1. Taking the stretch 194-207 as the search range and keeping residues that are open to solvent by less than 60 Å² (accessible area, probe 1.4 Å) and part of a loop (DSSP other than H, G, I, E, B), which one is farthest from ASP280 (Cα to Cα)?
2. Test SER292 against the criterion of being within 21 Å of LEU153 (Cβ to Cβ) and open to solvent by less than 30 Å² (accessible area, probe 1.4 Å), and give yes or no.
3. Condition check: of a type in the set (D, E, K, R) and closer than 24 Å to LEU548 by Cα. Does ARG565 satisfy that?
4. Counting only residues that are small (Gly, Ala, Ser), open to solvent by less than 10 Å² (accessible area, probe 1.4 Å) and in contact with a Lys or Arg (Cβ under 9 Å, 6 or more places away or on another chain), how many does the stretch 521-559 have?
5. If the requirement is being closer than 16 Å to ALA104 by Cα, out of contact with any Gly (no Cβ under 6 Å at 6 or more places or on another chain) and basic (Lys, Arg), which of these qualifies: ARG231, ARG148, ARG198, ARG186?
6. If you go through the stretch 153-165 one residue at a time, do you hit one that is under 20 Å from GLY97 (Cα atoms), in contact (Cβ under 8 Å) with a residue 12 or more places away in the chain, polar (S, T, N, Q) and open to solvent by less than 40 Å² (accessible area, probe 1.4 Å)?
7. Does the stretch 387-396 contain at least one residue that is hydroxyl-bearing (Ser, Thr, Tyr), part of a loop (DSSP other than H, G, I, E, B) and at pLDDT 95 or above?
8. Say whether the condition of being farther than 20 Å from ASP647 by Cα, open to solvent by less than 10 Å² (accessible area, probe 1.4 Å) and small (Gly, Ala, Ser) is met by at least one residue in the stretch 495-513.
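The values are calculated or read from the model by the stated rules, or taken from the named source; none is laboratory data. Note that this is a predicted model, so its numbers are computed, not measured. Reconstructed Cβ throughout: ideal geometry from the backbone, glycine too, with neighbour counts over all protein chains shown. Heads up: the accessible areas ignore ligands, DNA and RNA and are worked out on the full protein's heavy atoms, side chains in. Shrake-Rupley method; radii C 1.70, N 1.55, O 1.52, S 1.80 Å.
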Amino acid sequence: MHHASPVGRRRLLQAAGAVGLAAATAPLLATTAPAAPAAPRTRITDLGPAIEQFALMSGLLVGDTVYIGSRNLTPTRLIGFHLPTRKVVCRTDLGSGHSVQALAADPTGRYLYAGVLTKSDEGRPNLFRWDLARPDKPAVGVGRTEDRDIRALAVAPDGTVFAVGGIPGKAPALWAYEPGAGAVTRLGVPDPKATLARAVAATDTTVFFGAGSILSGGGDASKASLFAYDRAAGTFTDVTPPELEKDPSVRDVAVLGDRLVVSTSGSTEPAKLAVLDPADPSSYTVTRTSASVVKRPTSDGKKIYFATDSGLQSYATDTGAVEPVAFDGPDLGEVWGLDHADGTLTVVSGYGLVVEMDLADHTSAVTDLGRAGAPVSPQTTMGLAADDRYVFVGGNNVIARHDLRGGKVVNLRAPGEAKDVELLNGVLYTGQYSAQGMWTYDPGKGGQPHRLAAFPTEQNRPLDLCYDKVNRLFLVGVQSDTEGGGSLWTYAPRTGKKSARVNPIDENQMVRAVATQDGVAYLGGDNPTAQGPPGTLVALDPVAGRELWRIDLPLPTGVAALAVRDRQLYGLTRKGGFFVVDLKIRRVVHTADLRGLCPGFAAMVTSRGRVYGVSDTTLFRFHPKTFAVSTVVPEINGSWYSGPHIDADARGRLYTMRGHHLVQIDDRPERHS
């Protein structure tokens with residue numbers, strides 16, 4: 001998808017620095033104090049919306065219409081894509097949450113239920129119902145589960161709706177909505193050590209609940225678990241096939257005819273597909289796949305079709321054979337909807353496509369939802385990188401390329417999420433979530449981004465990416481969602497040599513931030529558990545993998561961002577703690593409390609001899625001698641999905657988000673500020 005944004009439409013804004021907060025000079029955290037105002041020498045250029053697309057997170061075929069839920073768009077919405085006309089024919093806005101991951105239809109096909117994901121408990125409904133007989137009428141909120149996020153829905157033959165999901169720090173429950181009573185009921189927590197539930201299916205007598213720890217794994221968190229809930233007795237029974245128990249979670253559960261199909265997400269082992277007798281779950285078969293995830297099972301009666309991280313596959317129920325689904329269409333990327341009807345598979349791709357596959361002749365029809373009438377709008381963003389020609393911004397299944405010369409914006413396709421990105425000699429390098437490794441794109445060669453290097457599947461969430469000029473290595477800090485801890489990836493673009501050093505800090509700390517100077521990698525740790533130090537700084541030789549020294553930081557939360565200036569390493573924590581380490585004497589020489597400017601995650605960059613930081617609310621800079629902080633742009637309020645980012649081009653101009661717009665900031669402070 002291409003969107004032009006002429007240079008003449010860019011707005012140049014003059015921003016005088018607002019009063020910020022002063023950094024304390026004591027070696028331990030001090031209270032915040034007023035700072036000197038920043039100099040009014042800051043020019044902001046609005047480069048337009050950073051990413052525009054119809055991003056999606058769910059799809060379900062009901063009759064001849066595919067209903068699709070949006071992802072990270074405001075407002076959260078549902079659309080109906082009519083297969084005979086290949087047009088978007090209806091839409092409803094939900095006005096709650098940021099994404100729709102769960103869809104289910106009642107047995108009559110009249111009502112569509114949708115469950116939303118939210119950043120925090122909004123105290124509003126997270127379960128909605130849309131009357132498909134009157135699609136011009138808005139969907140209505142019918143209930144709220146206390147688990148905040150609804151990840152999966154199922155409707156039993158009697159019309160009862162069952163919901164599962166999760167909330168950080170709390171084991172997920174099974175919830176039921178009775179349309180007649182109009183109430184949501186908590187039915188219990190079957191797996192107290194699970195951190196998330198993403199699968200549910202229901203019959204007249206039984207509800208199947210699939211959970212695990214695809215997020216916040218490690219420690220004593222459970223792996224894949226499958227429970228059968230007896231609707232009459234109100235009791236749970238563990239029916240997990242032992243062959244699934246090493247996988248981090250059950251990814252999907254579906255009742256297909258007289259079979260119960262269960263799929264998993266893989267980690268240290270590939271994902272599995274299990275076929276059970278729903279009346280006797282101890283009777284089953286398990287097939288090991290070559291994929292890292294198996295999801296969205298559907299069937300034509302003879303074969304079970306499912307999506308993986310590398311495309312569609314089928315499982316023959318008579319022979320157990322697994323093979324790719326052949327068709328003449330494009331790469332599907334991340335699949336969020338898969339249904340079978342009358343010899344055709346209907347696929348909803350995260351690339352904003354609906355693909356209809358004829359299984360008999362292997363042909364396909366591909367429709368771009370934006371061109372078919374889906375509402376294209378600005379999306380929340382992720383990684384960001386800039387040079388003097390282009391700015392790249394990562395999102396869901398897309399990387400937007402902004403041309404600074406002409407203003408043209410092009411959406412490039414990349415599966416998953418570009419959590420962080422970096423430019424080297426005009427070539428883009430990315431860390432792709434989940435378990436996608438590193439990808440690359442060369443604007444001079446055109447085409448689309450492609451995978452550069454794979455890394456251990458369980459090291460699935462790249463968080464921070466930087467380039468070591470001395471050793472000619474990319475350094476990537478990584479979190480393992482399923483096993484806990486994290487890793488440091490290295491990749492040499494000239495030779496293709498790579499490495500993954502697992503748990504270089506300790507078994508609990510992910511590598512949230514990475515910085516480099518003089519061939520040394522500085523790793524900022526973040527510990528989500530209560531065991532051990534909350535945050536540790538480790539200096540590492542990235543070639544030999546040898547630790548040089550470490551500091552357990554005197555701060556209550558882990559590291560969010562790092563930046564180097566001369567012999568000093570600056571750091572911010574996840575809750576506004578600020579510290580400076582003198583790299584020559586290897587000691588923390590300064591700390592301060594910056595929660596007023598930086599209430600959560602943050603990012604930093606060094607430009608024109610200064611270190612700049614950006615939070616969800618504010619762009620600020622540090623004085624190079626006193627470390628006093630000055631506000632550069634107040635209330636910048638960038639629309640980030642998983643934490644803010646900031647970068648600088650070779651001329652020192654800064655790039656970040658202001659609301660949903662990409663902005664260029666030319667900041668020239670006075671020497672004393």
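1. THR195
2. No: the conditions fail for SER292.
3. yes
4. Number of matching residues: 5.
5. So the residue among ARG231, ARG148, ARG198, ARG186 that is closer than 16 Å to ALA104 by Cα, out of contact with any Gly (no Cβ under 6 Å at 6 or more places or on another chain) and basic (Lys, Arg) is ARG198.
6. No, there is no match, as no residue in the stretch 153-165 is under 20 Å from GLY97 (Cα atoms), in contact (Cβ under 8 Å) with a residue 12 or more places away in the chain, polar (S, T, N, Q) and open to solvent by less than 40 Å² (accessible area, probe 1.4 Å).
7. For the stretch 387-396, residues hydroxyl-bearing (Ser, Thr, Tyr), part of a loop (DSSP other than H, G, I, E, B) and at pLDDT 95 or above: absent.
8. There is no residue in the stretch 495-513 that is farther than 20 Å from ASP647 by Cα, open to solvent by less than 10 Å² (accessible area, probe 1.4 Å) and small (Gly, Ala, Ser).
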